[in-house]
Every structure is written in C-alpha cells, then in structure tokens.
Amino acid sequence: MNRYRISEVKIGIFEDPEQALEKAIYKRLRKTAGRLPSGFAVSSYEIVRESVDARRKPQILRVYTIDIETAATLPLKESPDLTYRQLYAAEQPSAPPVVVGAGPCGLFCALILARGGLHPLLLERGRAMDDRIKDVERYWNEGILDESSNVQFGEGGAGTFSDGKLTTGIRDPRVRKVLEEFVAAGAEPSILYKQRPHLGTDRLRGIIPTIRREIEQLGGQVLFGEQVTEICTEGTGAERTVTGVRTAGGHLFAASSVVLAVGPCA
Ligand SMILES: Cc1cc2nc3c(=O)[nH]c(=O)nc-3n(C[C@H](O)[C@H](O)[C@H](O)COP(=O)(O)OP(=O)(O)OC[C@H]3O[C@@H](n4cnc5c(N)ncnc54)[C@H](O)[C@@H]3O)c2cc1C
C-alpha cells in the first residue's frame with residue numbers, strides 16, 4: 001500500500017466533511033497527479049491538518065492536508081513515516097531509571113520507559129493534581145504561595161493551568177505522538193488535525209493523572225513532594241557513573257540513569 005500526502009484539499013465551510021471530503025480528495029488528486037490509473041481507488045484517508053480560509057469572503061473554505069492510502073503508484077510526495085517504535089528493555093538494570101520533573105517532558109519520558117518495561121521512578125517537587133489545584137486556588141484567593149506547588153510546579157508542569165491551547169512545539173511533526181497520547185487519555189480526537197488544537201480549559205487536569213496512572217500500572221513509581229537537589233555519582237573521569245539522586249527531604253534514591261526534565265522555570 002502506498003501512502004501519499006496531499007495538501008490544499010478544499011470544501012465549503014458549511015459542507016459536511018464526512019460527505020464532501022472524499023469527492024474533494026479525488027478532485028485534488030486529478031489536479032496534482034494528472035490522469036489517475038484506471039480502476040484507481042483511495043482505500044483510506046487520514047486528516048493531518050484542518051484550517052479555515054476566509055480570505056475570499058463570503059466564500060469561506062475548510063482547507064485540509066490529507067494522507068491517502070492507495071494500491072496505485074502516483075507521482076506524488078510520499079507521506080513522512082512518523083510511526084513511533086517502542087523499544088523494550090532486554091534486561092532490568094539493578095536500579096530504576098529516575099526521571100526528575102512531572103511536566104510534559106518528564107511524564108512522557110516516564111511513560112515510554114514504563115512501556116519499555118523499565119519501571120521508572122518519577123520524582124516531582126510539587127504535589128499531585130488534586131492537591132495542586134487546591135494550592136493554586138489558595139494562592140489566587142488568599143495570596144498564600146506554596147513554593148513547590150503552584151502554577152509552575154506540580155503534576156503536569158507549567159502549562160497545566162493554561163486554557164489548553166496546544167502551541168509549544170506544535171509545528172514539530174513528532175508532536176503527533178504526544179497528541180495521540182492525549183487523545184488516548186481522553187482528549188477530543190480533533191486535536192490531531194486542527195491547525196490550532198485546543199484541549200479545552202481544565203481538560204489537562206483529567207488527562208495528566210490518567211497518564212500517571214498508566215505509568216504506575218506498568219510498575220513505575222511516581223512520588224510527589226520530592227525536590228531533587230543532588231545527583232550522586234561514583235568513579236572519576238570517563239569512568240564516572242550515576243548512582244542515585246538525593247532530595248531536599250534527605251531521601252536517597254538509587255538510579256541506573258537520571259533524566260532531568262525540570263523545565264525552563266527550575
Ligand atoms: C503560565 C504558563 C502557561 C502556559 N500555557 C501554555 C499553553 O497554553 N500552551 C502551550 O502549548 N504551552 C504553554 N506553556 C508552555 C508549556 O507549559 C511548557 O512548554 C511546558 O510545560 C514545558 O514542559 P517541561 O516538562 O519541559 O517543563 P515543566 O512543565 O516546567 O515541568 C517541569 C517539572 O519539573 C518539576 N521540577 C523542577 N525542578 C525539580 C526538582 N529539582 N526536583 C523535582 N521536580 C522538579 C517542576 O515542579 C515541574 O512540574 C505555558 C507555560 C506557562 C508557564
């Protein structure tokens with residue numbers, strides 16, 4: 001099966017995409033690929049991006065980029081292969097990998113490690129979502145700041161109290177993996193192709209703990225209120241290796257490796 005990416009597939013703003021898109025795809029294909037082979041058929045298609053073109057009012061259009069699958073060979077650009085390939089650990093290290101910070105970076109890192117069978121330990125200085133929400137509300141209502149649990153720090157990281165517009169890194173094609181995980185954890189599937197994907201206010205607060213629970217179900221551990229202050233090592237020079245981390249509360253956690261996902265605000 002061949003997979004091609006076509007852009008500028010247009011339908012009217014009031015047309016139902018489910019009915020109008022297929023016809024528009026064939027129309028666009030005839031324009032870009034020329035004469036289509038006899039018996040040509042698109043076996044399936046997937047919307048990559050949807051935007052609105054209102055430059056020629058009153059004619060307003062929905063404009064799509066679409067990946068099509070077909071048995072035919074066409075003189076078109078193949079769609080990029082962004083398939084995510086999960087790696088699996090061949091053996092368990094003597095100590096877990098430790099991920100520091102439960103923002104998007106650390107959460108996804110721990111999730112991928114957990115799915116690979118590595119039982120990561122995720123350490124976050126702030127508090128879990130429900131407690132964090134109370135801490136943030138207390139700050140907004142009474143002006144009492146918890147320096148470790150606030151709009152910047154805590155489960156979900158710095159953007160958790162935004163209105164859910166997904167802007168950071170959204171042009172990077174690899175972001176699709178992140179969006180797919182959000183959808184699997186309860187987000188609207190349309191975030192996969194909207195030009196300006198929007199989770200909706202408060203949705204992240206439900207999605208993030210769902211991802212955390214998956215890490216835990218896979219044998220990972222997530223600890224809150226643990227601010228890493230020191231990376232412990234042994235050996236010297238090129239032989240120097242990580243052995244663990246120490247936290248502000250004096251706890252020592254053994255580590256086979258350490259990922260610092262502490263964000264830009266730490
Ligand atoms: C107010 C605000 C609103 C935003 N709104 C949006 C938005 O609407 N859309 C968008 O796309 N992006 C938004 N962003 C940007 C987005 O939040 C960041 O790009 C993203 O959070 C970065 O992810 P990260 O995991 O790298 O870091 P962070 O999200 O900062 O996560 C780092 C985590 O590490 C923890 N940590 C730090 N130091 C330690 C330590 N020593 N030990 C243990 N834990 C530690 C912190 O508590 C934090 O939870 C916003 C950012 C802010 C600040």
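Those strands (runs of 3 or more DSSP E) of the range 183-266 in which 1 or more residues are buried (at least 17 other Cβ atoms within 10 Å of the Cβ) and away from the ligand (no atom under 14 Å from the Cβ) occupy 241-247. When residues in the range 83-111 are screened for being hydrophobic (A, V, I, L, M, F, W, C) and over 23 Å from THR167 (Cβ atoms), 8 of them pass. Only one of the listed residues (LEU223, LEU199) is in contact with a Leu (Cβ under 6 Å, 6 or more places away or on another chain) and either of a type in the set (S, T, N, Q) or at negative phi (or both). That residue is LEU223. For the range 114-128, taking the residues that are more than 9 Å from the ligand (Cβ to nearest atom) and in a loop (DSSP other than H, G, I, E, B), the one that is farthest from GLY263 (Cα to Cα) is identified as GLY117. If you go through the range 38-97 and keep only what is surrounded by 15 or more Cβ atoms within 10 Å (Cβ to Cβ), of a type in the set (Val, Ile, Thr) and free of Cβ contacts under 8 Å to residues at least 40 places away in the same chain, you end up with just VAL42.
Picking from residues in the range 147-175 that are more than 8 Å from the ligand (Cβ to nearest atom) and open to solvent by 50 Å² or more (accessible area, probe 1.4 Å), the one that is farthest from the chain's Cα centre (by Cα) is GLU147.
The values are calculated or read from the model by the stated rules, or taken from the named source; none is laboratory data. All values derive from a computational prediction rather than experimental measurement. Positions of Cβ are generated from backbone atoms using ideal geometry, with glycine treated the same way; all protein chains shown enter the neighbour counts. Side chains included, ligands, DNA and RNA excluded: accessible areas come from the protein's heavy atoms. Shrake-Rupley method; radii C 1.70, N 1.55, O 1.52, S 1.80 Å.
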